[in-house]
Amino acid sequence: MRNAKLLVRTRVNTALSAVYDYPLTILEAPMGYGKTTAAKKFFEMEKLKPFWFTFPDLEYAETAFWNNFTDEISRMDPQAGLALSSLGIPDDAPQMEKVLSTLAGVTFGTAFFMVLDDYHLVRDLRLNKLFLRLAQEELDGLHVLIITRDTSDIDFVELLSRGLCFIISSQQLKFTELEIRDYCRLMHNDISDADLKKLGEYTDGWISFIYIILLGLKNGIPVGINSTIEEIVEKGLFIPYDRETRDFLLKLSVMADFTAHQAAFVTGNENAGPMLKKLNRENAFVFYNEKTRSYKIHSVLLDYLRLKQDFSIEEFNKLYGRLAEWHLEKQEFLKAYGYWNRSGQTERILSHLNDPKNMRNALIKFTGAEKMFDSTPQEMLFQYPLAYLLYLFHSILTGKQNSVLGWKERLVELQRYYKDLDGIDENYRNRVLAETMIVLKFTYFNHLPEMIASDKEIVRLLEGQNSYILLREYTFTLASPEYLYVLFRDAGTLRKLSDMLAEYNEYIKYSNGCGKGGDSLALAEYALETGDFENVEQNSLQAIAKAETMSQDSIIICARFCMIRLRFIQGRPAEALEMLEQLRQDTERINRPIYNTAADLCTGHIYASICQPERIPSWLQLGDMEAAGFHYQGMTYNYLVYGKAVMASKKYEKLEALTGQLKKCFSIYSNQLGMIHNQIFEAAAKCNLYGTIEGATVLKIALNEARADNLIMPFVENSPHIMGMLQLIVQSNPDDEYMNRILTLCRKYERTIQGLSYRPANLSPREIRILTLASEGLSRKEVAERLCISEETAKTHFKNIYQKLDVGSKVLAIKIAQDRGYLEHPNKVVD
């Protein structure tokens, strides 16, 4: 009995037609209620070909989804597909806005349906945020259908209340009494009325249960109310097969999906192909996907098979080992490592990962990696030191902590072991000792003397070869647009720090060029920060020239940012803004999230400094610092820019409250420039809230702190907010050369930026009304109805609003409008 005979269920198709009317539809029911079948049948009847992705029960399935999705977008808009592929699943606010803005620019046509099947298997909650935001944006033509057993992790309540989401439940999917009768007659002509009644009472409309019972009836098994689902599956689906087929099914159940060739390889059954065809032909619980040419076992049968598995540990390990070998041959190392790990073959993983050509951070992220490394005996880890070091390096960079033994202690033990080990090739010993020293450097992060102390020894040990651990592709400045900002931690040490960075660049000799140009960049930034403006441009250009030879984009961004800031000091603001725009465009072409973030930080810093807060990237205006790796947020440079944005917007109560939070942020890595800026923020807030004298007291503390390093720029670039206080301080210290120079440069900077003309676009009363209604939870359709305009006109208004506010999404437009106070007075015209 096959599932070729399908009952047309008009009632369910009507419910599913909601996908046309809502940006997000959720089809939720336990396994076996026919969710997938109902959706597939609906799209077939509608003659639609949706983008369909079924999530496997595997780690990193989300990455496979993103790759498939971006491929689909590329077919409609190659440029957008490339951008999305590079951006990846959004980690934080800037990435999310870029993804949404990119998708908003895609022409989906009349309707583009995205179906996400088995969504309950999703482990990465970033996808939940993305799909909820997509629903809020109501992108033209984009409709998402989520098919899941469980919605507990999907916070759809607000969307439901706003009419942006529709839920189809198991109650709607259940077969009615009439549908059960029609289906049973379709599948089993001679079923009795008594059995029909029993079947309806017993199954409560659960279609998979109905199908299995019908199979049992065909094989002479009566409808029994006392049987469990496992017993019915066993009697109806499993026992009727011969021993070889049953054994084959049990072995197949270690996989989520598989090809015939893969099934033969893993199970060792040479007859796998014909057997799978027979199972697919006779059993509705074994599917074949024509597009992927792969098979899948229905969850009802799969759950039973996995419950039934009685393999010995050796048999399990053999199956998982065969699976690992399969994926290894396909160069799918993460999957191979995951299956080797499940089969207890730790040494296979370590041996493969210890090979220099396999040493990539991405390969450390296999399923169960952390537990495996932490539970593996030290003796074995020491036998594969490169694999072990790669794990330690990745753990340190991502900020993981170890409760048993610190990373530094582990590294010192490894170092001691290889120093004392007898009978080892000296080149290999030196390689391990050098790589250990390289990883040890990062346990002293932003303590430069300790970080560079071992560089000469590393170079000696490697004898001119490059590190296997520290690669050229790593982002040298951690997304900070200012290199010195990351490493400057102690007052009075900036000159020494910049000299050390300029002189000690031994790391270039073993990092394959990672950080090339950092020496000249340090000199350029030091010259800028201390007012030695004649030496900024030459060193910046040298940094760029060196960095370009090794594709060090982070160095190039920092050097160009340095020159942009210099142009304002030189009184050439138009040129500076042109350079900034060029920097943004060039960074977008590189299209790496970490560099996009760095470019946003440059942009935010400049526009805050010239008192044009409306042009600061929206996430920095709002301080939307969602969770992301610290390096993606530029080592708290984002908080520095956020503070400048709040100050530029003249929100002094907010600024005063913010300084306490910022002090904690800057204290994590003792970012001295961040702490000085924070004192300037506090001074500006107190000056405007409590008077010039109160503010000047704090500003004087900042000036005395900065004097130790002859810092100029933190005050010059914030001159519009400190002039009154600065003049008061200088009046009481008229012979102070340092303070007089700052005052002179501040006056010049103010004159320069006063000549800039920028007038934010006005929002009309109608646009403010539309945003106000949207902020109250109305969908675009409801906004149109409320204002008696067409939905197309409402859409045009939203586009105009986005353009005026320089945002790419509705949610962000509302947040920005609320932040600027536009929505507090619906009839207010924004000047």
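The values are calculated or read from the model by the stated rules, or taken from the named source; none is laboratory data. In this text the structure is predicted, and so the values were computed from the model without any measurement. A quick note on method: Cβ atoms are made from the backbone with ideal geometry, for glycine too, and the neighbour counts reach across all protein chains shown. Remember, those area values only see protein heavy atoms, side chains included, never the ligands or the DNA or RNA. Shrake-Rupley method; radii C 1.70, N 1.55, O 1.52, S 1.80 Å.
Going by amide H atoms built from the backbone, whose H comes under 5 Å of the H on F112, apart from near neighbours?
The list, which skips near neighbours in sequence, is L142, H143.
State the extension gain, in nm to one decimal, for the chain segment bounded by Q661 and D499, taking 0.36 nm per residue of separation less the distance between their alpha-carbons.
55.1 nm
Determine the percent antiparallel among the DSSP beta bridges restricted to the chain, to the nearest 5.
Roughly 25 percent of the DSSP beta bridges within the chain come out antiparallel.
Name all residues of the range 423-454 having a backbone nitrogen under 19 Å from the label point set 7 Å from the Cα of T398 along its Cα→Cβ direction, giving them as ranges.
Once the point is set 7 Å along Cα→Cβ of T398, 439-440, 442-443 turn out to lie under 19 Å by backbone N, inside the range 423-454.
How tilted is helix 652-667 with respect to the longest principal axis of the chain? Cα atoms for both, answer in degrees (0 to 90, nearest 10).
Rounded to the nearest ten degrees, it is 80.
Hey, what angle do you get for helix 518-529 against the long axis of the chain, alpha-carbon based, 0 to 90 degrees rounded to 10?
50
Projected onto the charge dipole of the range 119-208 (+1 at Lys/Arg Cβ, -1 at Asp/Glu Cβ, origin at the Cα centre), which of L178, L130, G200 gives the Cα projection farthest towards the positive end?
Projecting each Cα onto the dipole axis, the largest value belongs to L130.
What is the extension gain from K799 to K197, computed as 0.36 nm multiplied by their sequence separation minus the C-alpha to C-alpha distance, in nm to one decimal?
211.0 nm
With the crude spin-label approximation of a point 7 Å out along Cα→Cβ, what separation in nm comes out for D71 versus N591?
Spacing of the two 7 Å Cα→Cβ label points: 1.7 nm.
Need one number: nm distance between label points at Q727 and F445, each 7 Å from Cα along Cα→Cβ, rounded to one decimal.
4.5
Counting only protein heavy atoms, what percent of the accessible surface of the chain is carbon or sulfur at a 1.4 Å probe?
49
Ignoring ligands, DNA and RNA, how do E138, E177, E230, E290 rank by accessible area with a 1.4 Å probe, largest first?
E177, E290, E230, E138
Take the alpha-carbon centre of the range 345-363, take the same for the range 737-755, and report the distance between them in whole Å.
57
Any idea what the relative contact order of the range 707-831 is, in percent, if you count C-alpha pairs under 8 Å spaced at least 6 apart?
25
Once the Cα atoms of helix 207-218 and of the chain are each reduced to a long axis, what angle between those two axes, in degrees from 0 to 90 to the nearest 10, is obtained?
Result, in degrees: 20.
When all protein chains stay in place, what accessible area (Å², nearest 10, 1.4 Å probe) is found for R707?
90
Students sometimes get this wrong: rank K496, K748 by accessible area, probe 1.4 Å, all chains present, largest first.
Descending order: K496, K748.
What residues of the range 507-527 lie in the reach of a label at N710, counting those whose backbone N is under 13 Å from a point 7 Å from the Cα along Cα→Cβ?
Those under the cut-off are 526-527.
Evaluate the relative contact order of the chain (contact order divided by residue number), counting alpha-carbon pairs under 8 angstrom at least 6 apart; express in whole percent.
9
Dipole of the chain, Cα-centred, from +1 at each Lys and Arg C-beta and -1 at each Asp and Glu C-beta, to the nearest 20 debye?
1280
Rounding to the nearest 20 debye, state how big the charge dipole of the range 701-831 is about its Cα centre with +1 on each Lys and Arg Cβ and -1 on each Asp and Glu Cβ.
For the range 701-831, the charge dipole is close to 620 debye.
Give the residues of the range 569-583 whose amide nitrogen is closer than 19 Å to a point set 7 Å from the Cα of S757 in the direction of its Cβ.
572-578
Shape call for the range 41-173 from the C-alpha gyration tensor, a ≥ b ≥ c root eigenvalues: rounded (a/c under 1.5), prolate (a/b greater than b/c) or oblate?
Rounded, because the longest to shortest axis ratio a/c is under 1.5.
Between E332 and N535, what is the label-to-label distance in nm when each label sits 7 Å out along the Cα-to-Cβ direction?
Using points 7 Å along Cα→Cβ, the separation is 5.7 nm.
Calculate one ³J(HN,Hα) per residue across the range 341-356 by plugging θ = phi - 60° into the Karplus curve 6.51 cos²θ - 1.76 cosθ + 1.60, and present them in order as whole Hz with x for glycine and proline.
5, 5, 8, x, 8, 4, 5, 4, 5, 4, 5, 5, 6, 6, 6, x
Just check the range 302-365 against the gyration tensor rule for me: Cα atoms, a ≥ b ≥ c as the square roots of the eigenvalues, rounded for a/c under 1.5, and otherwise prolate or oblate depending on whether a/b exceeds b/c.
Here the range 302-365 falls in the prolate category.
Relative contact order of the range 506-601: what whole-number percent is it, with Cα pairs under 8 angstrom and at least 6 residues apart?
22
Using the per-residue mean of other Cβ atoms lying within 10 Å as a proxy for protection, in what order, highest first, do the peptides 15-24, 735-744 fall?
15-24, 735-744
Show me the ranking of peptides 311-320, 673-682, 365-374 by mean Cβ neighbours inside 10 Å, starting with the highest.
Ranked by mean Cβ neighbours within 10 Å, highest first: 673-682, 365-374, 311-320.
Can you give the calculated 222 nm mean residue ellipticity of the chain, where each DSSP H run of n ≥ 4 adds -39,500 (n - 2.57) and the sum is split over every residue, rounded to the nearest 500 deg cm²/dmol?
Calculated from helices alone, the mean residue ellipticity at 222 nm is -18000 deg cm²/dmol.
In whole Hz and in residue order, list the ³J(HN,Hα) couplings for the range 93-103 that follow from phi through the Karplus curve 6.51 cos²θ - 1.76 cosθ + 1.60, θ = phi - 60°; x for Gly and Pro.
4, x, 5, 4, 5, 5, 5, 5, 5, 5, 5
At 1.4 Å probe size, with no ligands or nucleic acids counted, give the accessible surface of T36 in Å², nearest ten.
40
State whether the chain is rounded, prolate or oblate according to the following rule on the C-alpha gyration tensor (a ≥ b ≥ c being the square roots of its eigenvalues): a/c under 1.5 gives rounded; otherwise a/b larger than b/c gives prolate, and the remaining case gives oblate.
oblate
Quick one: accessible surface of Y504, probe radius 1.4 Å, all protein chains present, in square angstrom to the nearest 10.
Approximately 90 Å² for this residue.
Evaluate the charge dipole of the range 638-772 about its Cα centre and quote only its size in Debye, nearest 20, assuming +1 on the Cβ of each Lys and Arg and -1 on the Cβ of each Asp and Glu.
Using Cβ point charges on Lys, Arg, Asp and Glu, the range 638-772 gives about 580 debye.
Put +1 on the Cβ of each Lys and Arg and -1 on the Cβ of each Asp and Glu in the chain; which of L100, I676, Q731 then has its Cα farthest toward the positive end of the dipole?
So the residue furthest toward the plus end is L100.
Can you give me the long-range amide H partners of D117? Hydrogens built in the peptide plane at 1.01 Å from N, cutoff under 5 Å, separation of 5 or more residues or another chain.
Hits under the 5 Å cutoff: F53, T54, F55, I147.
Given R₀ = 45 Å, FRET efficiency for S551-A111 by Cβ-Cβ distance, to 0.05?
0.60
Whose amide H sits under 5 Å from the amide H of T25, counting only residues 5 or more places off or on another chain, with H placed in the peptide plane?
V144, L145, I146, F166
For E230 and K47, what does the FRET efficiency come to when R0 = 41 Å and r is the distance between their Cβ atoms, rounded to the nearest 0.05?
0.55
Which ³J(HN,Hα) values in Hz, rounded to whole numbers, follow from the phi angles of the range 557-573 under the Karplus curve 6.51 cos²θ - 1.76 cosθ + 1.60, where θ = phi - 60° and Gly and Pro get x?
Those phi angles translate into 4, 4, 5, 5, 4, 4, 6, 4, 5, 4, 4, 5, 4, 7, x, 10, x Hz.
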